1. Given the conditions (1) within 28 Å of T215 (Cβ to Cβ); (2) touching a strand residue (DSSP E or B) at 6+ places or on another chain (Cβ under 8 Å); (3) open to solvent by 60 Å² or more (accessible area, probe 1.4 Å), report the number of the one that G174 does not fulfil.
2. Going residue by residue through segment 46-55, is there one that turns out to be open to solvent by 40 Å² or more (accessible area, probe 1.4 Å) and either within 12 Å of G152 (Cβ to Cβ) or modelled with pLDDT of 95 or more (or both)?
3. Go through F287, F277, F307 for me and flag whichever is open to solvent by 30 Å² or more (accessible area, probe 1.4 Å) and either touching a helix residue (DSSP H, G or I) at 6+ places or on another chain (Cβ under 8 Å) or part of a helix (DSSP H, G or I) (or both).
4. Which of (1) part of a loop (DSSP other than H, G, I, E, B); (2) open to solvent by 60 Å² or more (accessible area, probe 1.4 Å); (3) over 21 Å from G21 (Cβ atoms); (4) of a type outside the set (G, A, S) does E153 not meet, given it meets every other one?
5. Between V26, V37, V17, which is crowded, with 20+ Cβ neighbours inside 10 Å, assigned to a strand (DSSP E or B), touching a residue at least 24 places away in the same chain (Cβ under 8 Å) and not polar (S, T, N, Q)?
6. Within segment 172-182, can one find any residue that is in contact with a Phe, Trp or Tyr (Cβ under 8 Å, 6 or more places away or on another chain) and either free of Cβ contacts under 8 Å to residues at least 40 places away in the same chain or hydrophobic (A, V, I, L, M, F, W, C) (or both)?
7. Any idea how many residues of segment 182-203 are open to solvent by 40 Å² or more (accessible area, probe 1.4 Å) and farther than 20 Å from R282 by Cα?
Amino acid sequence: MKTTVYGEGMTGMKPSVATIGFFDGVHLGHRHLIAAVIDEAKRRGMESTVVTFDRHPRQVVSSNFCPRLLSTMEEKLVLLEKTGVDNCVVLPFDKEMAQLSAREFMQSILADRLHVKVLFTGYDHRFGHNRQEGFNDYVSYGKEMDMEVRRGEPFVLEGVNVSSSVVRSLVEEGEMGHASRCLGYKYTVIGHVVSGEHIGTTIGFPTANVAVADTNKLLPADGVYAVRVRLAGEKSYREAMLNIGSRPTFDGKKRTIEAHILDFSGDIYGGELAVAFYSKIREERRFRSAAELAVQLKRDEKEVRDFFCK
């Protein structure tokens, strides 16, 4: 996949079949749409192109908007490359672009600069200033500029149209199995191991405290999870149990992410850690003592081991 930042030495864009969107998470719904773009491009002997943005458009439209991202920009580009699309054009979204109407956007960017001949839109996607126009308007504008506009079909899984908002809701509820099925991969959070208070070590469960690299990355609901983690420099994942929450047994103030890596000991402070979520084991709760918590953690460990054995 050739990745191009719009406006930075863009030359030689060939006529293409394209789709446009933020593509947060690059879930099965997105991949279903992109697959249709790739198939149509091959049929016409053209290149396939995904057009996306360097930030969530609402961050520009509303200055106090804080996105809850399923994927960082770096993660999104890796996921898009796996679709097999020929080109990815990243648009730096700013106030000037936000003021463009749908017709102006289609003409000045998609038609004149990117040479899009066929545009696939998501089944519920709207673009342009105030998002006032709809699919029929896009079709009409496209005819004026020799661009065919098609509406992509939704991808339905377990009776639900897969969308980024659906996946976000599942992650926020800790429904990681269902979220993974919608994504087509395990939801993953990446951060660095930082020094903690070593409370886990005192009760026999040393943990790696993870500081997430991107503060806009959406974290699953508080609770205990069966996860797999990949340490910096390693290719394979290790099994672990992880707690997200405020540690109510001790202080209950600061939200932390702590992973107890099974059958592992070593100094990994400062290293990068990728956490892939598999299943929520239980809710986080307050225990009467550290000893009572330790007993529960032993039960959690057995449940996590049994989960991965299955």
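The values are calculated or read from the model by the stated rules, or taken from the named source; none is laboratory data. These numbers come from a predicted model, not from an experiment. Note: ideal-geometry Cβ built from the backbone for every residue, glycine included; neighbour counts use all protein chains shown. Surface areas here come from the heavy atoms of the whole protein model, side chains and all, with no ligands, DNA or RNA. Shrake-Rupley method; radii C 1.70, N 1.55, O 1.52, S 1.80 Å.
1. (3)
2. Within segment 46-55, one or more residues are open to solvent by 40 Å² or more (accessible area, probe 1.4 Å) and either within 12 Å of G152 (Cβ to Cβ) or modelled with pLDDT of 95 or more (or both).
3. Testing whether each residue is open to solvent by 30 Å² or more (accessible area, probe 1.4 Å) and either touching a helix residue (DSSP H, G or I) at 6+ places or on another chain (Cβ under 8 Å) or part of a helix (DSSP H, G or I) (or both) leaves just F307.
4. Here E153 meets the rest and fails (3).
5. Details: V26 fails: assigned to a strand (DSSP E or B); V37 fails: assigned to a strand (DSSP E or B).
The match here is V17.
6. Taking segment 172-182 and keeping what is in contact with a Phe, Trp or Tyr (Cβ under 8 Å, 6 or more places away or on another chain), we get 174, 176-177, 179-180.
Filter once more, keeping what is either free of Cβ contacts under 8 Å to residues at least 40 places away in the same chain or hydrophobic (A, V, I, L, M, F, W, C) (or both): 176, 179.
Taking every residue of segment 172-182 in turn, at least one turns out to be in contact with a Phe, Trp or Tyr (Cβ under 8 Å, 6 or more places away or on another chain) and either free of Cβ contacts under 8 Å to residues at least 40 places away in the same chain or hydrophobic (A, V, I, L, M, F, W, C) (or both).
7. Of all residues in segment 182-203, those open to solvent by 40 Å² or more (accessible area, probe 1.4 Å) come to 184-186, 190, 192, 194-195, 197-198, 201-202.
Imposing the further condition that a residue be farther than 20 Å from R282 by Cα reduces the set to 184-185, 190, 192, 194-195, 197-198, 201-202.
Selection size over segment 182-203: 10.
Listed here are the residues, each with its yes/no results for (1) within 28 Å of C66 (Cα to Cα); (2) under 18 Å from the mean Cα position of the chain (by Cα); (3) in a loop (DSSP other than H, G, I, E, B).
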| position | (1), (2), (3) |
| --- | --- |
| S165 | yes, yes, no |
| A179 | yes, yes, no |
| Y185 | yes, yes, yes |
| V193 | yes, no, no |
| G200 | no, no, no |
| N209 | yes, no, no |
| T215 | yes, yes, yes |
| Y225 | yes, no, no |
| E234 | no, no, yes |
